[in-house]
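Presented below is the structure to which this report refers.
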Amino acid sequence: MVKKRELSPKPMFDETLLIEAFNAHNISPKHAQRLWRYFVQQGAESVSQVPELPKAAIKLLEAEFTPMTSRVVSLTDNADGSTTKLLVELQDGQRIESVIMRYGDVALASFPEEERERLKTEDGSLKFRSNKRATLSTGTMGLLSNLSAGEILEQLIHANKVERIRNVVFMGMGEPLDNYSAVLTAIKGMVDTARFGLSPARISLSTVGVVPRLLALARDMPDVGLALSLHAPTQELRTQIVPTAKGWHIDRIMEATDAFIAQQNARIKSHNRRRHVLIEYVLIAGVNDSHEVAHQLGALLRGRDVLLNVIPYNPTSVPHDYKPPSAEATRSFVEIVRKQYDVHTLLRQELGQDISSACGQLVIDSISGGRKNAPAASGSGSCATGSKIADLEDLAGPGSAGGSASGVRSRTAKKTAGGASAKSVAAAAASFHDPRGMDVDYDSSVRPPNVVAGEMQQHAPSVLIMYSIASLAILFSTQPDLTPIDPVGPLLAVVGCVAGVVGGVFAYVYVTDTRASVYKWAVMPFIHAAYDPEEGHRLSIWAAKHGLVPRERTTDDSVLHVELWGKKITNPLGLAAGYDKHAEAVDALFGFGFGMVEIGSVTPKPQPGNPKPRMFRLPQDEAVINRYGFNSEGHEAVARRLQARIRKFLHKHGSVLADTLSPLAWLSAADDVKNAAPGDAVRRRSLHNDRLLGVNLGKNKISPADSDADYIDGVAALGTYADYLVINISSPNTPGLRALQRREPIERLLRDAKRARDALAHRPPLVVKIAPDLSDDEIDDIAAVVESVGVDGVIISNTTVSRPDSLHADAKLKREFGGLSGAPVLPLSLRVVSEFYKKTGGRVPIIGCGGIRTGEDALRFARAGASVVQVYTALGYQGPGLVHDIKSDVTERLKKMGKTWSHVVGADHQGKL
């Protein structure tokens, strides 16, 4: 029986142990998420650096837990820099060796001619070996114990301190499925956005084939990759090479792997993105490298969703009878399987032999050098003693086919000549994707004719059929005397069909263009008549989410171009937060022609907001009163949607990264996507050239009024996806929120938020959103704090709690509690914009918002000092054509003045006009 590891103090990253301890002491598990996030993503080194932890949690953590139960004893690099070996000492003195392997150019000659061009764009990969005993010597010593989930995750932390790890493969010595609970818990930690945020598709698990656990894995973690350490095509030969394989017949194992990969591919629509099981096959001279065995292997794998990974056996200093195959035998074996049986086949590239970290070498030479403690445990199992080599899995070692075990973390680390990260091949991953490179410019504001044609082809058939049927119906209803033998009849029918088709095309082009007046004069009045305000709001989001909205078909004039935070934007008109609260329709909203789209507000935890009804139209005033109360689906749901946008974008452009992208991998993935303007090194989270995506952060209603933690958590959870972040402290519908606008609270909050932002690898500009109801003294205080803290901008303004005398709405509507937005807010917001610009001398960018309905309104904000502006309420009254109308109006006015937008910003204060 495998000995259970009893650790004291316990590993803080072991979710099971930590949550059990928190529950026993009546501490909310949410504090564990915050704890992990600060340690992994923000570099905290002690619990005292984690804000908002209860005293009971701090006391418990200091008494019973430790951030790290292991330590790195040494780091060794090989001569060419392709491999780094980490010697990690566990709490009980046992040692594990983990290896970071940077894969260079794949030998293209080992691939069929038709695959070479695709592979040429993929030129780097990195492997990190973790969680199990990672080497041959652990196998020679016998099994001692399994690693805990915390010890597995600690190895990823150690590796990330050397280089950022993007992929993980459990392989090497031991069987991970025999340590199923710990491995599963570790994988959940790896995919948790509060910790490492890896995509499940970037995690692969190698096994000799434990059938019940394979089926369990398909249920518990269905999206991870799978690698099968096969090494032989028949049960008889396999049990000779891999004695541990006697437990399950090869036929049962193949059936289980088929079922595993089938459930993954059933959810993938495109054949080009099908996933594959990695079949690991260590080739040994005179044992499993004959032509006969090659034919048996080809017959076994033909027609299956697999990638065969052939690894020539590596010699080690431990005496045994195995020898590496000749180059000719290897080439012949691979060609038979590939060419005669059409099996995707990869010939493994070896790295790290000079530092004994290649397949099967990792611990052998260290032991022979006299090390007392051999690498011990791993994800699946193990500390070890003894001296007999029992299994091919021992000889294979973690970097090879290794039947199982040690966690290998794979990511792109190789640098190109220009210094950018090389593209990843996922050479050790268990899922195989068509490795097509990506080199595209993506700008939806200028859509080429072929794209427009593609859209028409996608959506037009039903429209054309409808119009054709309608035309024929009209034709025959007006020609009752036509008979089948009447020669005029067929001619009229043809004419009718053509007229219907042409009419359908024109109708499609018309209704899919934001300039179509039907939206302002028919669609919006219908929605207002048929739906209450919140239902209409949700209907518009639903339509946008499903692509049932028009898009702008014109380009922005150069007079509208503006630079904000060093980034070019094609126009200064943005969509304010509150419309797309949950990031459901980002790209459709960019399609309206906005230069900026801001989602949110997003709170850490999901919350329903205030009771309904909570939104009221004031049509006479073109205004709205709302008391939504930060209804939000929470950080996690919004993060998933933003991740899905990136995957969809990469899929659209044929990237191999699409199925393997994760939050922490996005920065490197963005380097592979040329979605920035030429010469612009700043990658856009909007995924649109010269457009910006903002994320507005809110606070949960149940959070302490004076707490900053919700905003700090939001920065950490969503900052990766934002071109700018907004700290919203001005909503009138969350009790106590506007109190944060006072000088002391706002200064503390903004400093904490900026510190959290600065801890991110990607540091988006940080903006604060304030109310229009501020006194001059309050404006002075906020202006001083914003400049002293170094905040990047301010949004002026949110809704107002006042009810101006100019309102025409009836008294009952005026008395509704909530924030008033729309036309009546414009003079209030303009006052604060003007005052703030004067206080800061124009040094702080201002985003103007409040009551903008026309180009003249937008220019008034610009003259008062707004660098860019936002709309919201007017969109609900005028429809999507509002965006084009405002931009056209502004363009016309600017050209008459001979000015650009940038020229008029702050003009009221500088005598420009």
May I ask which of LYS55/LYS605; LYS85/LYS323; LYS10/LYS85; LYS85/LYS567; LYS545/LYS896; LYS188/LYS612 have a Cα-Cα span longer than 30 Å here?
LYS85/LYS567; LYS545/LYS896; LYS188/LYS612
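Between GLU163 and THR239, what length comes free when the chain is fully extended (0.36 nm per residue of separation minus the Cα-Cα distance, one decimal in nm)?
Full extension of this stretch gives 23.5 nm more.
Which loop chymotrypsin sites (Phe, Trp or Tyr not before Pro) in segment 524-590, with loop taken from DSSP, have no more than 15 other Cβ atoms within 10 angstrom of their Cβ? Don't skip to the answer; put the middle values down first.
Working: sites: PHE526, TYR531, TRP542, TRP565, TYR579, PHE590; in loops: TYR531, TRP565, TYR579.
Qualifying residues, ordered by number: TYR531.
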Percentage of Cα-Cα pair distances in segment 728-846 greater than 23 Å, rounded to whole percent?
34 percent
In nm, to one decimal, how far is the LEU215 label point from the VAL505 one, both placed 7 Å along Cα→Cβ?
5.8 nm
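A 25 angstrom limit on the alpha carbon distance is what I want to check against. Which of LYS814/LYS838; LYS839/LYS895; LYS581/LYS699; LYS838/LYS887; LYS581/LYS838 exceed it? Don't jump to the answer; show the numbers that get you there.
Working: LYS814/LYS838 33 Å; LYS839/LYS895 30 Å; LYS581/LYS699 13 Å; LYS838/LYS887 27 Å; LYS581/LYS838 32 Å.
Flagged as over cut-off: LYS814/LYS838; LYS839/LYS895; LYS838/LYS887; LYS581/LYS838.
Between the DSSP loop rule and a limit of at most 15 other Cβ atoms within 10 Å, which trypsin sites (Lys or Arg not before Pro) in segment 726-807 are left? Show your work: numbers first, answer last.
On the way: sites: ARG738, ARG742, ARG743, ARG748, ARG751, LYS754, ARG755, ARG757, LYS769; in loops: ARG742.
For trypsin sites (Lys or Arg not before Pro) across segment 726-807 that sit outside H, G, I, E and B with at most 15 neighbouring Cβ atoms in 10 Å, the list reads ARG742.
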Which length gain, in nm to one decimal place, applies between SER558 and ALA327 when the Cα-Cα distance is subtracted from 0.36 nm times their residue separation?
77.0 nm
In whole percent, and with a 1.4 Å probe on the protein chains, what portion of the accessible area of segment 763-913 is carbon and sulfur?
48 percent
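Can you tell me the FRET efficiency between GLU335 and ASP251 if r is taken as the Cβ-Cβ distance and R0 is 35 Å, rounded to the nearest 0.05? Each step should come with its number before you reach the end.
Values: r = 27 Å, r/R0 = 0.76.
For GLU335 and ASP251, the calculated efficiency is 0.85.
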Of every hundred units of 1.4 Å-probe accessible area on segment 1-85, the number belonging to carbon and sulfur atoms, as a percent, is 49 percent
Take peptides 631-644, 48-61, 9-22 and line them up by average Cβ neighbours within 10 Å, highest first, as a rough protection proxy.
9-22, 631-644, 48-61
I'd like to know which of PRO550, HIS528, GLY578 lies farthest towards the positive end of the charge dipole of segment 501-605, counting +1 on Cβ of Lys and Arg and -1 on Cβ of Asp and Glu.
PRO550
Report the per residue volume, in Å³, of the convex hull enclosing the C-alpha atoms of segment 544-588.
92 Å³
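The values are calculated or read from the model by the stated rules, or taken from the named source; none is laboratory data. Quick caveat, the model's predicted, so the values are computed rather than measured. Positions of Cβ are generated from backbone atoms using ideal geometry, with glycine treated the same way; all protein chains shown enter the neighbour counts. In case anyone asks, the SASA skips ligands and DNA or RNA and just uses the protein heavy atoms, side chains included. Shrake-Rupley method; radii C 1.70, N 1.55, O 1.52, S 1.80 Å.
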